[in-house]
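Please read the structure below before turning to the comments.
The values are calculated or read from the model by the stated rules, or taken from the named source; none is laboratory data. From a predicted model like this one, the values you see are computed outputs, not experimental measurements. Note that we place each Cβ from the backbone using ideal geometry, even for glycine, and neighbour counts take in every protein chain shown.
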């Protein structure tokens, strides 16, 4: 039985096709994209071809089509479809590499009778701008101008900025991860940001929009960084089946080796160089529980389903939201059937299952000029950049103290930072200058003198931005005092106390800093709202 959002997706795809569009359907990993296009194809007249990037995706699509009772054959490598008039299957699943392979002075896609194909589905459609896909699409349209084309993907973002609009001219339907979690179809994410002080990405170059692969490999393979990933992963994962994403083949080998030193026989690794039969066997053994830790390099990002995964360790930091969403999506599938009618009942069913949530471990250090992606970017994609960065800093501060940030905590932090952002814009609109706040005078604390124990390492851009956003002038403040100030900001934030900007503005209206420094964020905000409603005149 189709879920409500799947039914709506099929409806919107049909409307787009009837309007002459080439639609894209965006659905989070684990929400059943394959079910959508298979059901849509079944409801449509004629034959359909599904093309995909990798063997696992082709085989997955074929198995799900066969499960519906439809005939389906594979065009991939040595597997060939009988496309004559009397033996044609209704569905064909093909790999893009095979379709583009040379055959009798032509390409293999030329063997098909495209006039008999009514629908062309591009799975993982963010790849569709590549030349191989373009060749197939152009050939299909040339042979059959009436053919309907659609794409499905969880991640329409492309770091190389090549426009998917050249292939798809309408996003017919969108169902993001945060919606699927709230609706009880995916497990909630429990966030933990692991601060590895020796991890410094400031020297890494950017290539095709992401961290340069060679630079990332070099940084992640430093001995301190390897242990900075492995030890917290083992400690924090507990007994959860854990999927680790590594930066390179060597990195995957080293992580697996170190984990096995501590927990013999509990880790294995797979890469693109692993023979397909060996890879399939290791994946099967991991699924069955023989290994707790599966370390991989760009293998388990697309087209691999393994519901037991309850911890995802992102040991290859990235600037790509698309890649990050694919990695985290491997751990969000529930272990129980979500058949209940009400969303609340589905969420409760997941909460009482053997996998109530998925723990995501992000390894962070000095990101330098790079904006690295974490789970907040995919769970709260619509947040303003300023709010998202503030939320990340607070989550990082909490997890530094050993906490996992639960979904309810994250929602509360987001709500508080959104409210703070809203109020900061109101403050800006009345043009009160709070850019020269002295945190030590305002809080009545003594600035620490410089000593041999002082931490004089420069703050990151993100940390400096926190001080500047708080209205603190850092230009003439020594680094060790900047660190003292930011610690106080984090401390106040954890306790729910009002912000420096709130204090400064309240002081302008006659309140003393000694009085307001103990106020909560909510109390300060309510008082400022009263002042605003009073025409920006003090009410006390």
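Some points to look at:
- Qualifying helices (runs of 4 or more DSSP H) (wholly inside region 461-540; at least 1 residues being within 35 Å of the chain's Cα centre (by Cα) and within 21 Å of residue 397 (Cα to Cα)): 461-469, 479-495, 500-508, 521-533
- Flag if residue 319 is more than 26 Å from residue 199 (Cβ to Cβ), assigned to a loop (DSSP other than H, G, I, E, B) and touching a residue at least 24 places away in the same chain (Cβ under 8 Å): no
- Residue list for region 41-90, restricted to those being in contact with a strand residue (DSSP E or B) (Cβ under 7 Å, 6 or more places away or on another chain), over 26 Å from residue 11 (Cα atoms) and either part of a strand (DSSP E or B) or not assigned by TED's automatic domain parsing to the domain that holds residue 109 (or both): 73, 74, 75, 76
- Any hit, region 306-318, residues being surrounded by 20 or more Cβ atoms within 10 Å (Cβ to Cβ) and either in the same structural domain as residue 62 (by TED's automatic domain parsing) or over 23 Å from residue 403 (Cβ atoms) (or both): yes
- Residue 56 being touching a residue at least 60 places away in the same chain (Cβ under 8 Å) and surrounded by fewer than 21 Cβ atoms within 10 Å (Cβ to Cβ): yes
- One residue stands out in region 227-237 among those that are more than 16 Å from residue 191 (Cα to Cα) and crowded, with 19+ Cβ neighbours inside 10 Å: the one that is modelled with the lowest pLDDT, namely 228.
- Which numbered condition residue 456 fails, given (1) under 21 Å from residue 421 (Cβ atoms); (2) assigned to a loop (DSSP other than H, G, I, E, B): (1)
- A count restricted to region 413-452 and to residues that are loosely packed, with under 13 Cβ neighbours inside 10 Å, at pLDDT 80 or above and assigned to a loop (DSSP other than H, G, I, E, B) stands at 5.
- As for region 502-513, it holds at least one residue that is buried (at least 16 other Cβ atoms within 10 Å of the Cβ), in contact with a strand residue (DSSP E or B) (Cβ under 9 Å, 6 or more places away or on another chain) and assigned by TED's automatic domain parsing to the domain that holds residue 457.
- Matching option when the condition is under 20 Å from residue 191 (Cβ atoms) and either in a loop (DSSP other than H, G, I, E, B) or over 21 Å from the mean Cα position of the chain (by Cα) (or both), among 240, 261, 279, 254: 240
- Residues that are farther than 19 Å from residue 217 by Cα, loosely packed, with under 13 Cβ neighbours inside 10 Å and out of contact with any strand residue (DSSP E or B) (no Cβ under 9 Å at 6 or more places or on another chain) were ranked within region 241-280; the one that is modelled with the lowest pLDDT is 276.
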